[in-house]
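Structure first, commentary second.
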Amino acid sequence: MLDLVRCEFTKLKRRKITLMLIVLSCFFPLIVVMTTKNGMSGDLSTHYLKMRFDLSFTMTQGYGLVFLAPCLIGMLATILFFMERDNDTFKNIKTVPVTITKMILAKICVLFIYGTLFSLTSVSFTIFFSWILKVGIIYDLAYKLGFSIIFGLVITIASLPIVVIIVYFNKSYLVSTLLAFFYSILNWGIIGLFETMAVKGTAKFLNLFPVICAMDWTSGKLVDHVIKDNLSKEAYIMFPSDLYAFLVVGVTLFLSLMLMIRFYKKWTISTLFFKAQKSL
């Protein structure tokens, strides 16, 4: 399996996806930190300065990554899953002792690695820019960096449904990218319903959506490590229990893997059959 993962990384060497990840993980935190700096008052108390740093951190995690991560995971999945199709190497799959299931698992591992690195890098740049621009007091770094790794893993799982859709439709890179972008916009739209539904007491329904559940569950775990002035009363309503979150994330992971394997096998066999018929 390790060799397959290494092989998938080798295929991505000529792509610009890694550079894109670095640019986005740097650019968005810079905007967040500058926005936080512009909103600062003359209060020099430790409580206030810690709160401003937490604001930058939570904005990067809760808004930047919730929107950007599904887009990037979708774009990366498009490259990984369509590479054999576009390079006409499906026929080579039959000549090596590697099952399609193992190939898909290797591709998913690459998605997890990229998703985790994107989250960790984004938080690292947030910390770096906060230090350079003197925005707040930076504290509890070990927990926040460790938290970013967990968030990266969970948000990657929550992004897998769009990968399933991309594999199912098997369209061009443009269409697949638009689907990933729409998935991110959809999640933001759901977040927009937050306050209204929270007041009505039906906010937990939103946690049935994987990305929302991932954000709310990780936020609940983070709440004891940030200054709580940034949290509204409605936010506490949204935090799902560990069991609820594990069920949503676990079901999402299981169903996504099963559907990806099924769809990928289906159109791989169809492509090979079409090529064989065409050569006759």
*Gain in span if fully extended, Leu2 to Phe205, counting 0.36 nm per residue against the direct Cα distance*: 69.2 nm
_Vicinal HN-Hα couplings computed from phi for the range 155-168 (Karplus, 6.51 cos²θ - 1.76 cosθ + 1.60; Hz; Gly/Pro x)_ = 5, 5, 4, 5, 8, 4, x, 6, 5, 4, 5, 5, 5, 4
*Roughly how many nanometres apart are two label points built 7 Å out from the Cα toward the Cβ at Ser241 and Thr99?*
3.6
_Could you derive backbone 3J(HN,Hα) for the range 32-48 from the dihedral phi with the Karplus parameters 6.51, -1.76 and 1.60 (θ = phi - 60°), listing whole Hz in sequence and x where the residue is Gly or Pro?_
4, 5, 5, 5, 4, 5, 5, x, 6, 9, x, 5, 10, 5, 4, 4, 5
*Separation in nanometres of the label points that stand 7 Å from Cα toward Cβ, at Trp188 and Leu12*: 2.4
*Quote the FRET efficiency, to the nearest 0.05, computed for Tyr63 versus Met83 with a Förster distance R0 of 25 Å and r equal to the Cβ-Cβ distance.*
0.20
_Residues of the range 55-74 with amide N under 18 Å of the 7 Å Cα→Cβ point at Ser41_ = 55-56
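Every number here is computed from the coordinates shown, using simple stated rules; none is lab data. The model shown is predicted, which means the values in this text are computed figures rather than measured ones. No Cβ is skipped: glycine too gets one built from the backbone with ideal geometry, and neighbour counts run over all protein chains shown.
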